[in-house]
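> I have a structure here, written as C-alpha cells, and I will follow up with some questions on it.
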Amino acid sequence: MAAARKLMDEAPPHEATILSIASKAGVDRALVRYYFRNRDQLLLAVIEDILDEWNAAHPDPDASPATRLETHVGNMLDFALRVRSMQRLMVDECASSRSSQVRKRVREINSGKIDALGRVLRSGDRTSSTDPLFLYVAMVGMCEFFAAAQAMILPLAPAGMSPGELAKRYRKFIAGLTLDGLRSRIGS
C-alpha cells in the first residue's frame, strides 16, 4: 500500500501497474495479486487508506452548521492541494473500473460525503433548498481546479504572494461563496 501511494505521488495513477508497485515494494507481483485480486482492488484500497488517514486527522468539528460547512470546504481544498492523485484515482481509475464492486464502493464513498453535507444543510434552523449533490460537485470542482491549475493561477496572483498565502485567501473566498452565495453581494 505504501509503495502504491509513493508511486502515485511521483506519477499519474494510470502509470501505476501491479509490476511497478511490486517493484517499488520489493516484492513479487504474485504477492500483490494475492492480497489484492487485481489492480482496481489495490487502487481502491489506496483510496480508502488515504481517506481513513485524512479523516482521522481532520474530524468534523462539533460546531454550528455554518462552521461545519466552512471547515468542510477548507478541508476539501487542503486535501486537493495535498493529495493530487485522488481525483484521478476516483474518476479515471475506480469510478470507471471494470469491477462492479469497486464502482459500487466509489459510489458509497461519495454518497457518504453527499449525505454528510445534507445533514449539515438540514441541521440549521431554516429549511435549506440547496441540493447536497450539486453543492458537493461544486465544492469538489472549486477545490480540484484550484489545486490542478496552480501553474496558471500562481502567475495571476499579486506579485510576491506565496502559494500558501494564495491558498489561504482562496480557502476564505470559497468558504464565503459557499456559505453566502453572490446574490446578496451583487443584488438581484
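The values are calculated or read from the model by the stated rules, or taken from the named source; none is laboratory data. Given the structure is predicted, the values throughout are model-derived calculations rather than measurements. As a convention, Cβ positions derive from the backbone with ideal geometry for all residues, glycine included, and neighbour counts pool all protein chains shown.
> Which ones in region 25-59 are farther than 25 Å from ASN75 by Cβ, part of a helix (DSSP H, G or I) and within 25 Å of the chain's Cα centre (by Cα)? Reasoning before the result, please.
Residues of region 25-59 farther than 25 Å from ASN75 by Cβ: 25-42.
Among the residues that remain, those that are also part of a helix (DSSP H, G or I) are: 25, 29-35, 39-42.
Of everything in region 25-59, those that are farther than 25 Å from ASN75 by Cβ, part of a helix (DSSP H, G or I) and within 25 Å of the chain's Cα centre (by Cα) turn out to be ARG39, ASP40, GLN41, LEU42.
> Residue check, VAL102 against (1) assigned to a helix (DSSP H, G or I); (2) out of contact with any Cys (no Cβ under 6 Å at 6 or more places or on another chain), all met but one. Which one?
With (1) assigned to a helix (DSSP H, G or I); (2) out of contact with any Cys (no Cβ under 6 Å at 6 or more places or on another chain) applied to VAL102, the lone miss is (2).
> Pairs, please: C-beta under 6 Å, at least 6 apart or cross-chain, first residue under 12 Å from LEU89 (Cβ atoms) and hydrophobic (A, V, I, L, M, F, W, C) and in region 1-15, second modelled with pLDDT under 90 and not in a loop (DSSP other than H, G, I, E, B)?
Going by the 6 Å Cβ cut-off, there are no qualifying pairs.
> Identify the single condition in (1) part of a helix (DSSP H, G or I); (2) among the hydrophobic types (A, V, I, L, M, F, W, C); (3) more than 29 Å from ALA11 (Cβ to Cβ); (4) modelled with pLDDT of 90 or more that VAL137 does not satisfy, given that it satisfies every other one.
For VAL137, the failing item is (3).
> Check off (1) farther than 14 Å from CYS143 by Cβ; (2) surrounded by 12 or more Cβ atoms within 10 Å (Cβ to Cβ) for ASP78 and give me the number that stays unchecked.
Condition not satisfied by ASP78: (1).
> Please identify the pairs in which a residue from region 130-152 that is hydroxyl-bearing (Ser, Thr, Tyr) has its Cβ atom under 8 Å from the Cβ atom of a residue that is surrounded by 15 or more Cβ atoms within 10 Å (Cβ to Cβ), counting only partners at least 6 apart or on another chain.
THR130/LEU121; TYR136/ASN110; TYR136/LYS113; TYR136/ILE114; TYR136/LEU117
> In region 60-98, how many are assigned to a helix (DSSP H, G or I) and either among the β-branched types (Val, Ile, Thr) or farther than 21 Å from ARG169 by Cα (or both)?
Initial filter on region 60-98 (assigned to a helix (DSSP H, G or I)): 65-82, 86-94.
From what is left, the residues that are either among the β-branched types (Val, Ile, Thr) or farther than 21 Å from ARG169 by Cα (or both) are 65, 67, 71, 73, 86-94.
Residues that pass the stated criteria total 13.
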